[in-house]
Amino acid sequence: MAWWWQTLLGVAVALVLAWAALVVALLIARPKGSLLGEAMRLLPDLLRLLRRLTADRHLPRDVRLRLALLMAYLAIPIDVIPDFIPVLGYADDAIVVTLVLRSTVRRAGIDAVRAHWPGSDDGFAALCRLTGLTRSPGPEPD
């Protein structure tokens with residue numbers, strides 16, 4: 001077998017293994033129970049939140065870069081798991097959004113996320129569950 005054929009085969013095998021590892025990582029990191037369904041229902045509000053957070057110049061540059069990369073990932077039509085596969089096709093997007101939001105909230109703080117949240121208080125409570133926050137989304141008690 002020619003050296004270029006072996007190289008091409010090696011690259012193809014490496015890509016398949018990297019894809020499989022990413023799928024396994026997404027399955028391990030996915031929100032448990034009904035949280036995945038909540039993440040998928042919140043996706044429109046989450047997209048507006050991402051745009052608002054990315055435009056906020058008060059947030060650290062690395063957070064805004066991470067959010068911009070996430071929006072680019074969501075805009076690119078090529079996914080880790082193709083969208084035509086039922087349930088899992090859109091679940092990978094929800095999982096990636098959840099992971100980035102967890103790191104964003106931990107770095108930027110819940111107050112910045114709350115200030116930009118476009119949805120309802122129930123939606124924000126679901127966002128808190130997704131990102132592992134325990135703080136109540138409502139107003140502070142007197």
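The values are calculated or read from the model by the stated rules, or taken from the named source; none is laboratory data. Since the structure is predicted, the reported quantities are computational estimates derived from the model, not experimental observations. Here Cβ is always computed from backbone atoms with ideal geometry, including for glycine, and neighbour counts include all displayed protein chains.
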* To do: For Pro118, indicate whether it is modelled with pLDDT of 80 or more, surrounded by fewer than 17 Cβ atoms within 10 Å (Cβ to Cβ), outside any helix (DSSP H, G or I) and out of contact with any Phe, Trp or Tyr (no Cβ under 6 Å at 6 or more places or on another chain).
  => yes
* What are the residues in segment 70-81 that are assigned to a helix (DSSP H, G or I) and surrounded by 12 or more Cβ atoms within 10 Å (Cβ to Cβ), if any? -> Leu70, Met71, Tyr73, Leu74
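Output yes when any residue across segment 81-94 is within 16 Å of Leu49 (Cα to Cα) and at pLDDT below 80, and no when none is.
Within segment 81-94, one or more residues are within 16 Å of Leu49 (Cα to Cα) and at pLDDT below 80.
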* Structure fact -> Result of the Cβ filter at 9 Å on segment 37-56, keeping first residues that are farther than 14 Å from Ile110 by Cα and among the polar types (S, T, N, Q) and partners that are at pLDDT 85 or above and surrounded by 14 or more Cβ atoms within 10 Å (Cβ to Cβ), at least 6 apart or interchain, is Thr54/Val63; Thr54/Arg64; Thr54/Leu67; Thr54/Ala68; Thr54/Leu70; Thr54/Met71
